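A quick write-up on the structure given underneath.
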Amino acid sequence: MAQRQRQVEAPEGASYPDLRWFPPGTHITVRGLKKAFDGNPVYVGFDIDLPKGKIVSVFGPNGCGKSTFINMVAGLMPIDAGQILFEGKTIAETRIGYVFQNYREALFPWLRAVDNIHYPLRLMGVPKAERDRRIEELVAGFDLKFDLNRYPYQMSGGQQQTVSIMRSLVIEPEVLFLDEPFSALDYEMTLIMRDQLQKVLVARGVTTVLVSHDLEEAVYLADKVLMLTRRPSRIADYMDVDLPRPRDPSTLTDPRFIDLKARTLEVFQNAVRAS
Ligand SMILES: Nc1ncnc2c1ncn2[C@@H]1O[C@H](COP(=O)(O)OP(=O)(O)OP(=O)(O)O)[C@@H](O)[C@H]1O
């Protein structure tokens with residue numbers, strides 16, 4: 001059943017907005033978010049709760065502000081007004097990972113894949129034995145069919161993006177942001193990567209915010225799909241995807257999946273027409 005964002009009520013005695021209190025099961029609380037570029041508003045007081053340990057896909061018309069949204073939540077872009085907290089903590093107190101769309105520029109070309117993955121742990125001062133343990137664990141979670149001793153230029157796009165994802169996960173992020181991570185890959189590779197990503201994220205229970213241009217992908221991966229309107233962006237719908245996991249290629253022909261996709265498409269078309 002499609003579920004609209006509910007109004008959050010602060011407990012008795014709490015001043016609103018009091019984001020030190022957050023609804024049970026919520027990880028990220030966004031209140032009164034405002035952002036404009038050169039006087040053109042993208043967000044004009046946006047509120048949303050993102051659930052803990054779940055995957056939320058962000059979907060909407062071109063230029064509606066999907067990347068702006070995750071960049072602001074990830075702390076990569078300043079906000080004009082509002083508040084974003086992670087179980088009451090600030091972004092600075094939260095361990096996050098970010099996977100960029102453009103994998104070609106994301107990895108250090110002079111480092112082998114394995115050293116790219118070691119890199120953030122080195123920065124954090126994690127001892128070598130612990131770094132090796134974490135990478136081993138990560139490798140076990142991914143079904144790797146390539147050698148991590150290669151340099152990025154020796155790897156396919158899908159392999160490079162897998163390494164980027166591994167590098168973002170090796171720090172054991174509380175929240176992972178992905179901005180159209182598969183859009184530069186061919187369809188076959190996208191299908192493989194989706195399943196890899198789903199497997200690892202579900203096993204690790206990482207709160208994930210994923211921007212996708214692809215409706216099928218948005219629904220396939222998500223526990224919830226956040227549908228945005230045209231600018232200034234509002235919530236067109238915030239839909240639960242209650243399909244069992246793990247999802248696999250047979251999910252794509254499951255009538256419930258097809259129905260959810262159709263409903264999402266309808267919301268999208270209404271959002272586009274309404275503006
Ligand atoms: N740094 C910036 N300076 C000026 N305008 C910007 C900037 N970043 C984004 N915008 C504008 O804000 C709007 C939202 O951009 P954003 O990239 O967040 O949208 P999107 O939904 O991710 O787009 P797309 O579907 O094309 O990926 C667009 O009109 C864009 O041109």
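Stokes-Einstein diffusion for the chain, with the hydrodynamic radius set to the Kirkwood value over Cα pairs and evaluated at 20 °C in a medium of 1.002 mPa s, equals 110 µm²/s.
Note on E137, E87: ascending count of other Cβ atoms within 10 Å places them as E137, E87, the fewest first. Listed by Cβ neighbour count within 10 Å, with the fewest neighbours leading, V42, V209 appear as V42, V209. Start at zero, step by 10 Å, and the Cα-Cα distances of region 73-121 spread as 20, 38, 28, 14, 0 percent across the bins. In the chain, the DSSP beta bridges split such that about 55 percent are antiparallel, to the nearest 5. Computed about its Cα centre, the charge dipole of the chain is approximately 320 debye, with only Lys, Arg, Asp and Glu carrying charge at their Cβ. With contacts taken as Cα pairs under 8 Å at a separation of at least 6 residues, region 86-176 carries a relative contact order of 53 percent.
For K224, the lysines whose Cα falls under 22 Å of its own Cα, not counting residues fewer than eight places away in the same chain, are K52, K54, K66, K199, K261. Estimated from the Cβ-Cβ distance and a Förster radius of 45 angstrom, the FRET efficiency linking D147 and D259 is about 0.60. Projecting the Cα atoms of Y187, S250, L228 onto the charge dipole of region 128-275 (Cβ charges, centred on the Cα centre) puts L228 farthest toward the positive pole. Each listed q (0.17 Å⁻¹) maps to a log10 I(q)/I(0) for region 154-275 from the Debye sum over equal C-alpha point scatterers, namely -0.93.
According to a simple spin-label model (label point 7 Å from Cα along Cα-to-Cβ), what is the distance in nm between Y119 and D242? Modelled inter-label distance: 4.3 nm.
For K128 and I192, a Förster radius of 25 Å and the Cβ-Cβ distance give a FRET efficiency of 0.20, rounded to the nearest 0.05.
Projecting the Cα atoms of A81, L138, A218 onto the charge dipole of the chain, computed from C-beta unit charges around the Cα centre, puts A81 farthest toward the positive end. Residue separation of D80 and N62 scaled by 0.36 nm, minus their Cα-Cα distance, works out to 4.3 nm of gained length. Computed from label points 7 Å out along Cα-Cβ, the spacing between L252 and K89 is 3.8 nm.
The slack between A203 and I235, meaning 0.36 nm per residue of separation minus the straight C-alpha distance, is 8.6 nm. Once the Cβ-Cβ distance between E266 and F100 is put in as r, and R0 is 30 Å, what FRET efficiency do you end up with, to the nearest 0.05? My answer for the efficiency is 0.45. By the count of other C-beta atoms within 10 Å, a proxy for reagent exposure, Y238, Y220 are ordered fewest to most as Y238, Y220.
Bear in mind these aren't lab numbers, they're just calculated from the coordinates by the rules spelled out. Being a predicted model, the structure only gives us computed values, none of them experimental. FYI the Cβ positions are ideal-geometry reconstructions off the backbone, even for glycines, and counts take in every protein chain you see.
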